Every structure is written in structure tokens, then in C-alpha cells.
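The values are calculated or read from the model by the stated rules, or taken from the named source; none is laboratory data. Keep in mind that what you see is a predicted model, and the values were worked out from it rather than measured. Cβ coordinates were reconstructed from backbone atoms using ideal geometry, including for glycine residues, and neighbour counts include every protein chain displayed. Just the protein is used for accessible areas: all its heavy atoms, side chains included, with ligands, DNA and RNA removed. Shrake-Rupley method; radii C 1.70, N 1.55, O 1.52, S 1.80 Å.
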Amino acid sequence: PYLGVSCLDGGRLMPDCHDCIPGLTAASNCTHLLPETIKLRDVIMGHSLNRFGSRTCHLYPYLSQVPLIQRQIDVGQMISQDRPMRILDLGPYTNPIWNYFDEDFCPEIVVGVEPCGEAATNTSHPWMSKLLPCKSNSSMQTHLVVAPLTASQYVTSDHFRNTPFDAVVCIGCDGHYGPKMSDLNKVPRPFHLYVEYPPGYKPSLKAFQQKKIRGLCGKNTIPIQQKIYMFDPDQYPQIKPHAPFSLNRTLTSYKCNALVLSERECDPREESYGGMACMSEMHNLHSVQDKLLYPSGPGIEESNQLVMSMPPRVNKCVLCDDIMAKYKIRKNEWRTPVDKDSKPSKFESYHWLTFMRNVSYGFAAVAAALFILTTRKHFKHQRLLSYKALLACALTGSLGCMSLCGFLVESQVDERQQDAALLLDQAAVSHHDELHWDALAAATVARRLLHAQSNKTLIDRKGLLFRSVVDYNIYLSAALRNAAYVKYPSGYQYTMDECPRHLDTSYSGIARNQLEPILPSLRSHGFTELNLLIDMFPFTVLPSFGEISPHNFRKKILFDFGTNGFFGSAKSLIDMYEPFLHFDEVHLFEPDFDQMGPPISYRNAYNITNHQTYVKTGTRLHDDVLIILREHVLPEDFVVVKYDVDEPSSATSGFSMEWGFLADLINSEELGLVDELFIELHFYYKQIKWGKKSYGTHSMKQALDLMLQLRECGFPVHAWQ
């Protein structure tokens, strides 16, 4: 038996001793195997009885003998060289791979998946979970797990989904009994693969041939190391009657990087967004050493599943539930808006909003809310309900929808100001009653109303917009103060070799502990609670913390790359910072100049420059973001960068501009010029229609791992949306 620390209740997983070891049933208090495993073990024991006269799981005793264990010795050496931290050992039988590591190698966890687990544990129990001190450093431990079930069963378990394995071992891989290639496909990339089998056994040869491996790991995958074994059949007479072909064997190691990008798959010279995205990703691959941001192809769905298995709802908000309430209505009733002369119904606007949204009539939903607001002036409660209904604008992400809201607010400015004040007063009461999410939702609606008023909402210290920004920060901080607000998958699948060398760590404490949390989906609490796909307000910015004084900087400069209209990101960012810091310069970069002009009040208050141009990555010319920063900024400036450059209708190759830009930035000296960064990393996320065709080379888990590690390094980075 392995010396180490285990739970008093031996069927539970270390270190918290709460969950059952995979393969044990919770109903039996973690003491009984799954029925499917029991049936499989009965079959194995029946074969053992026929072959050796004893009913045990030791069907292949010769596998523990020299020289057959040379296979495990060789794989142990390969793993010790490659240094993966989370290792999945499929079918270890009597030879778990952890017995063959170098003494100076100490992985985090090794999971042996073996239905006959007692062969691996060397005890009467076919399961195990122990923390074993490392030989090279007794202060460190390796978690050894033996899970008594099949590979197909294990890859559907929560333990598998929450453990980002970076190595898979399959010695004696059986193409008939398993593991199957479909099981290996569930392992998120990247990972090391060590596969060994007898080529004379046709099911294994077919299952693990080079073509299938390339489908698993990427089409450019080639063997890293390979060994051929030809064992003497005279040493193993017991094998001859059963499987004489099994003494000639092949061991191959691969790196499943899934780097699907190549010059043959996209053309960086193409004059389109697709060409610029290709250039950005090419620069990432060829010029940046840190593989954290490399494009990944196969396995993105499995990688996403690691994140999406987290609870989809992370808090409770009464007002949010109210907004999302569904009211039954006949399908043809949407054609007849509320009668102007009828007696108002308390939930009239909700009624229309929810129905219109459910039948995909986003504009009709807004029209219904507008109807209520323009005809029911004297019913304040009705108007407040309808303002909540106007959050439907964000569901569509449509400029037309937002302009409808803007028209409403501009047409009745005084009333909207009064109602925004009412909402802020309501939020203050909720905050006092510690209903922080209700306060935040009410402040959000007020903020959206005031944001849409264009000329009338120049932010000043006496205005409601100023109050709404300050109050929003207070309510956001209060709502997020609960540490249990968000839960992340355990461990990083994509790891950063080291923190960026040129990072200014002056804000490390704030970046790690005080900014708004990055949610697993990289969307906002507005998306989580209200399905708001576009949400430009859920941020706590650096200057909102008193220890950062605007007077300490030569200039305060905002760079907005991918503005897409002044009343979108540009105005949101200016207003977000103004209560704490006034920008001396604002640079807006957007090739499409429609709706880019700021109103007179903002032109007079800010030094705003519109740059009608594309930006690129890696050219080191005037259109390169790093060159733009180098030419406009000094180290003593406070610099905010927002980068959201995408065009999904043109992104047919699956590549994205942002990944290449971020890789370039964090590996450059110009990183030291940037104090705060907002960036939207696009990745495969079919639930919000980010498809494989447009964004199929990166996963949600990769984006989450990257952003969290940058925060841990002390970089104030925000997930823009």
C-alpha cells in the first residue's frame, strides 16, 4: 500500500473528504461500486477463473514482469521530461505510472482509471485517494487517485470535468474494449498523449492510427518520441494461446497542441478583416514564445464544458427575477398594442416585453414600452416598470434599438431625469436594506436612461449621470463583496510560463483583489442575470480607488480601438472615469465613421480625436497599435486602452484580432505604458452565436485562464463586452 494521507472515510476524495471517489456511489456512502463496473469485473473474473483457476482480477499476471514493465519505465521517463502537472492514467492495472517518475518530478495529481483498482492500489479496495509527499520536496504533495470505473464512465464525471488534465497515458490501449477515441476527444487541449499498443491487434491499429491521432490532436501532429518493443515469446508461454501478436508493441508520444493555424488555411495578405485577423494570429504563432494565447482547434467544445459546468446563476436578485418573468399571452395579440384609453395594468409593460422577446420581436417589445411611456405620463409606477422593460434594447445589441431609446429620452428630458432620480432613490433604499442586487439593477436602468440622452447628459458633478456612476460603483462593490459570488473550474488548463516582464506592478493589490470579478463566461452579471449580451457598465476602474490620484500623471489618455459609434464604448468609458479622472486626450479608432461624431457638449469638454482607420498587429508601421502607443504616450501618463476589433460576418477562418494583439502587447515593452486594459476576447461560444466558423480557434476556458492569470500577475484587465 502507498504511504500517504487519506480520508478517514477511505471512499472519499482528498483533500476535503466530501465527494466520493469517481466510481463509487454516493447513495452507499461511498462504499459501493457502480452496477456497470460490477458487471465488467464479473466478466474479467470469469475469464481469470477459466484461465488460471482463481476468481480474481489478475487476468494478466505477466504484465508485471520484466521486461514488459519497460513500457512503463519509458513512459515515466518521457513524463518526467515533459513535466505535465495533471496526469490521467487509463488502465494502469498493476503498474500505475506514478511508480516510474524521476524522484525530482512532483505532479499535482495522477488519476488511475482502472475497474480492477485493487491491482493498482495493492490492497483489498479497488479505490484510493491519497496525498503522497514528493521525494524531492516533502513540503509538496501529489494527489494519487484510483477510480474504479471505465474510461468512458470517468470522462462523464464531474471530477474529470473539473480537472484540466495536461497528460494522458494509455499503455496497452485496446481499440475494442477501450478507451475509445471518443473518450480521448473529451480531454481539452493542449495535452501530452502517451499511447502504447500491439500493431498486430487490428482494433487498436485502426483506433490509434496516425490519421485518427491527427484528428484528435491537429492535422499537423507528428510523433515526438517513438519506441518499438519486440519481446521474446519464449519468456511468456502463457501469452501464446491467447494473444501471440501482443509481444510486438509500439509506444508513441504526441503533443496535442491542436495548432490548426497554418499559411494554407488563411491568407494574411488578404485585404479584409479575415486577412487582418489571420495576420494577427500568425504574428502570435511565429513571434510570441508564450503558448498561452496560441490558437487551439479540436477540443474547444470540451474545453468550454469545463467552464460551463459551473453554476449558471451566481446570485439572487428579486428585481431581476421580476424582469425575466414570463407572462402567458396568445401569439396573435402582439399585433394589437395596449389600448390608449384602457385602464392600465400593473404588469402591462412586462407583459408585452416578455412576450415580444420570447417570439423574437425585439423592436416590437421596445415599441410596446415606448407606447406605455409616451401615453401614461401620470403613472410613475408604470413608467418605472417600462424603463426596466427598455433593458430589452441590450438583448438585441442593435443601434436602431438604442436610438429608439435615445429618441424617447430626448423627447421628454425633464420627465426622464425625474424618473432616473426616482430609480436612484429606489436603489439607495434597496442598498440600505442590503438588497444589493436590486439596488444594482435599479441603478443600471437609471444609468442606461441617462446614458441615452446625448447632449443633455454631459457628465458633471452636479448631474444625475455623475451620481449614477458613483452610486453604481458603490452598489457593484457591495453586491460583489460576497466571496462566494463566483466559482471557477479548478486549475488552469492553459498556463502562463511567467508574468509579463514589462508589466507595471504598481496596481497589483487592486488588480488581484478589488476589481469586479471576471465571471467564468467572461460576460457580466447583467448577462448572467438578465441575458444582457452588451453591457458596458459593469466595471470598477482604477481611479475609483482613492490611492490613485489623477494629479500624479502628466496626461490622462484614452485609446478606444474599435469604437463603433461615439454613444457606444466612447461615451461609456468617458462617463465611467469622469467622477474620478478627466481625460486630457481621447483617441477613437474606427474605419466606419457613421455615428462617430460626439455632441457639442463632449467636443467642448474633451480633446477628442477621431482616427478613421483600421489597426493591425505586428506590422510595426503606423497602423500597429504598439507603434501608436509608442508615438503618443510617455511612461508618466495614465493610459486606458479598450480593444474590441471584430467583424464576425467577415471572419470566415475562425481567427480573431484580439488574441494576436494581446499576445503582442503582453510580450512587449509597450505593456509598461498601459495602466488599464479593456478587451473582448472572442472564442467559440455557440450560446451567444459565436460559432466555429467565426471564432472556432479559441475556447472560453482559454480566455478565462488568460484573464485570471493576468489579474494574478497584477495587470488591471477587464473583460469588455
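Some notes on this structure:
- Label-point gap, in nm, between Lys202 and Asp9 - each point 7 angstrom along Cα→Cβ: 5.0 nm
- For the listed residue pairs Lys39/Lys180; Lys642/Lys689; Lys571/Lys642, the alpha carbons are over 21 angstrom apart in Lys642/Lys689.
- When a 1.4 Å probe is rolled over the protein heavy atoms, the share of accessible surface on the stretch 81-221 that falls to carbon and sulfur comes to 50 percent.
- Probe 1.4 Å, accessible area per residue of the stretch 92-228, Å²: 40 Å²
- Glu636/Asp592 FRET efficiency (R0 35 Å; Cβ-Cβ; nearest 0.05): 0.55
- Over the stretch 1-81, accessible surface divided per residue gives 55 Å², non-protein components excluded, 1.4 Å probe.
- Relative contact order %, the stretch 563-609, counting alpha carbon pairs below 8 Å whose residues are six or more apart: 51 percent
- Computed over protein heavy atoms with a 1.4 Å probe, the accessible surface of the stretch 585-694 works out to 40 Å² per residue.
- Relative protection proxy for 107-118, 607-618, from highest mean packing down: 107-118, 607-618 (other beta-carbon atoms within 10 angstrom).
- Highest to lowest packing among 666-675, 690-699, scored as the average C-beta count within 10 Å: 690-699, 666-675
- For the set Lys689, Lys555, Lys180, Lys202, the ranking by accessible area, highest first and with no ligand, DNA or RNA atoms included, is Lys689, Lys202, Lys180, Lys555 under a 1.4 Å probe.
- Counting Lys and Arg as +1 and Asp and Glu as -1 over every other residue whose Cβ lies under 13 Å from the Cβ of Ile171, the net charge comes to -2.
- Charge tally in the Cβ shell below 10 Å around Leu542, where Lys, Arg are +1 and Asp, Glu are -1, Leu542 excluded: -3
- For the stretch 165-181, 3J(HN,Hα) computed residue by residue from phi via the Karplus equation (6.51, -1.76, 1.60; θ = phi - 60°) reads 4, 10, 7, 10, 10, 9, 9, x, 4, 10, x, 9, 8, x, x, 8, 4 Hz, glycine and proline entered as x.
- Share of carbon and sulfur in the accessible area of the stretch 529-665 stands at 49%, probe radius 1.4 Å.
- Extension gain, Asp104 back to Asp16 (0.36 nm per residue minus Cα-Cα distance, nm): 29.0 nm
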